[in-house]
Amino acid sequence: MSDYVLGLSAYYHDSAAALLCDGRIVAAAQEERFTRKKHDPAFPVRAVEYVLEAGNVSLEDVRGIAFYEKPLLKFERLLETYHAFAPHGFTSFLASVPVWIKEKLFMETMMERSLGEFLGPEADLKKLPKIYYPEHHLSHAASAFYPSPFNEAAIVTVDGVGEWASTSISHGQGSSISSLTKIHFPHSLGLLYSAFTVYCGFKVNSGEYKLMGLAPYGNPRGERARQFENKIREELIDIRPDGSYVLNMPYFRYATGLSMYDPERWLKLFGLPPRTAEDKDIDPAYMDMALAIQRVTEDVVLRLAATAKNMTGSSNICLAGGVALNCVANGKILRSNLFDRLWTQPASGDAGGALGAALALWHIGFEAPRQADEKNDAMQGAYLGPAFGNDAAVETCRRFGAPFEIIDTEEALSRRVAGLLNQGQVVGWFQGRMEYGPRALGNRSILGDARNPEMQKRLNLKIKYREGFRPFAPSVTEEGSHDYFDFKGTSPYMLLTVPVAESIRQKLPENYDQMDMWERLYFLRSTLPAITHIDYSARIQTVNKEVNPRYWGLLKAFEELSGCPVVVNTSFNVRGEPVVCTPADAYRCFMRTDMDYLVINDLLLDKTSQPPLKENADWRTQFVLD
Ligand SMILES: [Fe+2]
């Protein structure tokens, strides 16, 4: 009989569930995709339902359940923090008492109750499989190492905070993970980055990506960015040679109050008021600020990587935790040549903790052996979510009264869609199993021609309804990537930023650094303007023929037609909306935006022949802008 393990993350943000069968990943998904609430923190009822169904197993037949952190240890941290910072923490204490009572102290009871519902009405909770609680950073480390292709690797995890740890270095060997060193709350690189995210007018826990995207707009040779960076290093964070660090806590409020930083102290330090999110145009000072904190973050991450190298002597490194989504820093680690190979968990944020917790229980708790093949990872391309067949797609189209065409063969579909992309059309591309983690990797993606100079503007403003400065990422066939990018490895999960090749670059004018943001943004920097960020970088996804044959086939067909195996790939959603899960989600998103065509499996839908969408006109209020 097979052994099943269920992993869960919940009650903070990005709830998720993952299921293993004899250690193999069967399914994993974030709750937000089902409930359509971005970063949904609720107990992941729908995600659990889905992964159990995917494994064709009922909850009572699961051998063990793993939750991604230790609730009581987290409670202890909240309690001790209150004591340590009292009386300043009194507001925080008062405000969070109900949360503690309901969600922290009784988290285990709450979870048991929620899980009990899967056993049916009047369930006997004694039948519930045993619940295990690996530590938060062990869950991250396990999510980084166990699915990696390596039998041995250094593991670095960096995030906001779990129970106490905010950064950890460990060593993975076979089926074991040994913890080597940790940095503890309140000192946290993730929370420092989040404080700057808020200061620059973006939302904590979702806007960190935007801050990273803004950084290259800062003037790298300018005095202001250098001054900001010096102030951060002198006043906010003391970075030691080994990458350990101490934050200067009077500048921060996250431990004591309900905000991230002390506004008066920051104003005095930087001489720049915080940017309010409503500010449409971004003052260049915030771009320099974004650049300064990005440089500091990269410095810490690189030092931590060097320490991990010294401590383990490994030639492989695995990364996870929210900061591992900083693909610019990941690219720097790779180019530092500290390690021969780098692998990042695609669900690096707390959603990935569900998978990590399950793997930790399997390999450490149940002592199951592990053998990696040193070549392929175990993530199956991160295509671990639900799939919907052509029948379901046809049924959805009928429900919306939506005309469609069925294209018989995969080859004909690839050729047809490649032709549309080549004509400048924007195509919603919905295929097979949904991705686990924040990135769309060619199964829930919106695609466009990367060579088209208008594409970035069009996608940002008319399709994603998001800030115009935000860059787009390319998908490229693995074998074609070297002609367009200065990069030799693979990047299947879009978690690496690499330079575009010299051969496709256009020369910049002398006054480029002084040009305003929009002028720089729309200056044609390369023959692939839609995906070349303003510093000639690109956040690349390399597509492997075996891992995603259909998407690879499309890129290949596009190459045959246009000579170029690169397309723009952005997640299938609008700003503030979770990535689409079902064909109906996809159809709605298609109809609410300026997308030209929608492909669901073998079905092709043309916008010009669709009837108006009969739904409330007020859909924009459905998703809170992030
Ligand atoms: Fe985390």
Legend entry - Residue count, segment 553-570 (criterion: surrounded by 20 or more Cβ atoms within 10 Å (Cβ to Cβ) and not in a helix (DSSP H, G or I)): 7
Legend entry - Residues of segment 439-463 that turn out to be in contact (Cβ under 8 Å) with a residue 40 or more places away in the chain and either in a helix (DSSP H, G or I) or among the charged types (D, E, K, R) (or both), as a count: 11
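Looking at the structure I just gave you, is ALA308 more than 21 Å from TYR217 (Cα to Cα) and crowded, with 24+ Cβ neighbours inside 10 Å?
Values: more than 21 Å from TYR217 (Cα to Cα): yes; crowded, with 24+ Cβ neighbours inside 10 Å: yes.
Yes: the conditions hold for ALA308.
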Inset, instruction - Check GLY213 against each of (1) of a type outside the set (A, V, I, L, M, F, W, C); (2) at positive phi; (3) more than 16 Å from the ligand (Cβ to nearest atom) and name the one condition it does not meet. - result: (2)
Legend entry - Residue check, SER491 within 24 Å of SER336 (Cβ to Cβ), in a helix (DSSP H, G or I) and not charged (D, E, K, R): no
Inset, instruction - Confirm whether SER96 is surrounded by fewer than 21 Cβ atoms within 10 Å (Cβ to Cβ), farther than 30 Å from HIS171 by Cβ, modelled with pLDDT of 85 or more and away from the ligand (no atom under 16 Å from the Cβ). - result: no
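Test of understanding: among ALA142, ALA165, ALA195, ALA154, which residue is buried (at least 21 other Cβ atoms within 10 Å of the Cβ), over 23 Å from ALA16 (Cβ atoms) and in contact with a His (Cβ under 8 Å, 6 or more places away or on another chain)?
Working: ALA142 fails: over 23 Å from ALA16 (Cβ atoms); ALA165 fails: over 23 Å from ALA16 (Cβ atoms); ALA195 fails: in contact with a His (Cβ under 8 Å, 6 or more places away or on another chain).
Within the list ALA142, ALA165, ALA195, ALA154, the selection yields ALA154.
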Legend entry - Top-ranked residue in segment 333-382 [being among the small types (Gly, Ala, Ser) and closer than 20 Å to SER475 by Cβ; ranked as nearest to the ligand (Cβ to nearest atom)]: SER348
Legend entry - Pairs, first free of Cβ contacts under 8 Å to residues at least 40 places away in the same chain in segment 238-253, second aliphatic (A, V, I, L, M), C-beta under 7 Å, six or more apart: ASP238/VAL246; ASN248/LEU236; TYR251/LEU236; ARG253/MET260
Inset, instruction - Could you tell me whether segment 169-178 includes any residue that is farther than 17 Å from SER9 by Cβ, crowded, with 24+ Cβ neighbours inside 10 Å and either within 11 Å of the ligand (Cβ to nearest atom) or without any contact (Cβ under 8 Å) to a residue 60 or more places away in the chain (or both)? - result: yes
Inset, instruction - State whether the residues of segment 539-552 include one that is modelled with pLDDT of 95 or more, in contact with a Ser or Thr (Cβ under 8 Å, 6 or more places away or on another chain) and in a loop (DSSP other than H, G, I, E, B). - result: yes
Legend entry - Single residue of segment 16-47 satisfying the filter (at pLDDT 95 or above and acidic (Asp, Glu)) that is farthest from SER2 (Cα to Cα): GLU32
Legend entry - Cross-chain or 6+ apart pairs with Cβ under 7 Å, segment 552-573 first and over 12 Å from ASN422 (Cβ atoms), then of a type in the set (Gly, Ala, Ser) and part of a helix (DSSP H, G or I): GLY553/SER414; PRO565/GLY480; PHE572/ALA586
Legend entry - Any helices (runs of 4 or more DSSP H) falling wholly within segment 274-381 and containing at least 3 residues that are among the small types (Gly, Ala, Ser): 284-312, 352-360
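Of all residues in segment 118-141, how many are assigned to a helix (DSSP H, G or I), away from the ligand (no atom under 16 Å from the Cβ) and closer than 18 Å to GLY7 by Cβ? Break it down into steps so the answer makes sense when it comes.
Within segment 118-141, the subset assigned to a helix (DSSP H, G or I) is 118-119, 125-127, 136-141.
In the following step, the residues that additionally are away from the ligand (no atom under 16 Å from the Cβ) were identified as 118-119, 125-127.
With the extra rule that they be closer than 18 Å to GLY7 by Cβ, the set shrinks to 118.
Selection size over segment 118-141: 1.
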Legend entry - Residues (without any contact (Cβ under 8 Å) to a residue 40 or more places away in the chain and acidic (Asp, Glu)) located in segment 333-389: ASP340
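Out of TYR209, TYR254, report the one residue that is modelled with pLDDT under 95, closer than 27 Å to GLU135 by Cβ and surrounded by 22 or more Cβ atoms within 10 Å (Cβ to Cβ).
TYR254
The values are calculated or read from the model by the stated rules, or taken from the named source; none is laboratory data. Model, not experiment: these values are computed from the prediction. Cβ atoms come from the backbone with ideal geometry, glycine included; neighbour counts cover every protein chain shown.
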